[in-house]
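Heads up: the structure comes next, in structure tokens.
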Amino acid sequence: MLIRICVIDGQGGGIGATLIKYLKAAFVEEVELIGLGTNAIAMAQMLKAGANKGASGENAICRTVLLSEYLVGPIAVSWANAMLGEVTPKMAEAVTSSPALKFFLPLSQENVEIVGLTKEPLPHLVQALVERIKEKMNDV
């Protein structure tokens, strides 16, 4: 059975698409990549990048995050009203309450600063996230 990784993104879906590309290259056929968009544009970008399946909207996110082993995306997907209001309180609650292991990128457009992190370009952050998932999958 394939391991299910849900990639969650909103707005234009660029971060989610980048995550999908890197995860697809790293895991090839070992995982099922689900693109979950807070909107249809974000979901479409993740499908274009190679997600196996995609869905958008509150109910799709709330339901699917319960059925996944891993959740990945920008940290803002766990904050109610983030991404100009695209992340609903129900979405944020579903993401944070999901039993899935979560890997968040420290990226947001909100007025939040996460102390203790160094600024890195998106490709470096995504590569570090992929490596961390590999470690977890191999119980390292």
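Read the figures in this text as sums done on the coordinates, not as results from a lab. What you are looking at is a predicted structure, and each value in this text was computed from that prediction instead of being measured. Glycine also receives a Cβ, built like all others from the backbone with ideal geometry; neighbour counts cover every protein chain displayed.
Worth pointing out:
- Helix runs (DSSP H) in the chain reaching 15 Å along axis by Cα, Kyte-Doolittle at least -1.0: 14-27, 122-137
- When the helices of the chain are scored as -39500 (n - 2.57) per DSSP H run of n ≥ 4 and the total is divided over every residue, the value at 222 nm lands at -12000 deg cm²/dmol.
- Estimated FRET transfer efficiency when R0 is 30 angstrom, pair residue 134-residue 90 (beta carbons, to 0.05): 0.45
- Going from the fewest other Cβ atoms within 10 Å to the most, the residues 9, 139 appear in the order 139, 9.
- Highest-fluctuation residue, 77, 95, 31 considered, GNM on the chain with Cα pairs under 10 Å: 31
- The alpha carbon convex hull volume per residue for the range 3-137 rounds to 96 Å³.
- Sorting the segments 96-107, 119-130 by their mean number of nearby beta carbons within 10 angstrom, highest to lowest, gives 96-107, 119-130.
- Close amide-amide hydrogen proximity is noted between residue 51 and no other residue 5 or more places distant or on a separate chain, at a cut-off under 5 Å (H modeled in the peptide plane; Pro and chain starts excluded).
- Among 40, 25, 82: highest mean-square fluctuation, GNM of the chain, C-alpha pairs under 10 Å: 25
- The lysine pair count for the range 3-137, using Cα distances under 26 Å and pairs eight or more places apart or on different chains, is 24.
- Rel. contact order, % - alpha carbon contacts under 8 angstrom, at least six apart, the chain: 23
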